[in-house]
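To start, the structure under review is shown below, and the notes come after it.
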Amino acid sequence: MARTGLYKSEVKKARDAILSQGRHPSVDAVRIELGNTGSKTTIHKYLKELEEDGDLQGRKATISDTLHDLVERLAGQLEDEANERIDDIEKQQAEMVQTHTHAVAALEASIAAVKTELIQSHEAMAQEKQSHAHTHDLLQKETITRYTLEQQVADLKERLAENEVHRLSLEEKHQHARDALEHYRESAKDQRDQDIRRHEQQVQQLQAELRQLQQGLVVKQNEVTRLNQEGARLVADVSLAQKVLYDEQDRRRQLSAELEALRPVAQRVPLIESQLLDKSKQRGGRDSCKNT
């Protein structure tokens, strides 16, 4: 920037000093001589004017020359300031253009990143929807399967309840048979005590029959116990319940058949009692005759 108050006379003085030193009065040399002040354009203009004027003798400047020099100096200063202002404006404009360019590039990068994230979000949403649909289908299948299994379990429980009722009925029948046999045993024992010596063979036969019945009852009790154990396994193992139920029904039919087979034996009890009563009466009649 030109130093304020730079005169043409100052440039001339600096030029003359350089010439006196035997050096060439260049613009840079004059500016150094002036203390590194002043515009190079102004110094160059003053040096050119001094050369044109041919002022080698150092003639005294007139008032018009001084005014002219002042006007030229002011014009040079204005030109320098205008040039510096233009340079500053151009520099600011370049900086603004660069800043704008960076901002646009950053904005475009941000838009591209947002677009990428949006695409990824759409893809993730599509995958999530597909996964949700698949999960929904699996849930429906699992619900249907669970309902089917629950229905099967309910059916098995109902069958087990029916089986339990049937088992209790069989146990009741077995108990009646045991009670009848027990009563028969007591009656036979009383009768045997009264006629033990005369009817020993008949009593032994009855005892043999009773032992057979007892053995049969033991077998049936073991069978009932085994049936109870199988019923417990039915509850623990649902998958084999149907087969076990079928097997137990077959066994119960066999028990029923065996009970039916035992009925003739029970029917013989009244006949044996009648025979024993007849024999007791006969014995009583013979004893009366002997007493007479």
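Each reported figure results from applying straightforward, stated rules to the coordinates on display, with no laboratory input. Note that this is a predicted model, so its numbers are computed, not measured. Quick reminder, even Gly has a Cβ in these numbers, built from the backbone with ideal geometry, and neighbours come from all protein chains shown.
Of note:
- Summarising the amide proton neighbourhood of G38: residues at separation of 5 or more, or on other chains, whose placed amide H is nearer than 5 Å comprise R3.
- Cut-off 20 Å, label 7 Å out along Cα→Cβ of H166, residues of the range 195-229 by amide N: 220-229
- Loop-located trypsin sites (Lys or Arg not before Pro) in the range 186-273, at most 13 other Cβ atoms within 10 Å (DSSP): R197, R198
- Cα principal axis extents for the range 118-183, largest first, Å: 94, 12, 6
- Taking 0.890 mPa s as the viscosity and 25 °C as the temperature, the Stokes-Einstein diffusion coefficient of the range 71-226 based on its alpha-carbon Kirkwood radius rounds to 89 µm²/s.
- Each residue of the range 164-225 gets 59 Å³ once the volume of the Cα convex hull is shared out per residue.
- Between A105 and E52, the distance separating the two model label sites (each 7 Å from Cα on the Cα→Cβ line) works out to 4.9 nm.
- Shown is the FRET efficiency for V97 and K40, computed with R0 = 30 Å from the Cβ-Cβ distance and rounded to the nearest 0.05: 0.60.
- Sum of side-chain charges, L149 neighbourhood, beta-carbon under 13 Å (Lys, Arg +1; Asp, Glu -1): 0
- The phi-based Karplus calculation (6.51 cos²θ - 1.76 cosθ + 1.60; θ = phi - 60°) puts the 3J(HN,Hα) values of the range 128-134 at 5, 4, 4, 5, 5, 5, 5 Hz, whole numbers, x for Gly and Pro.
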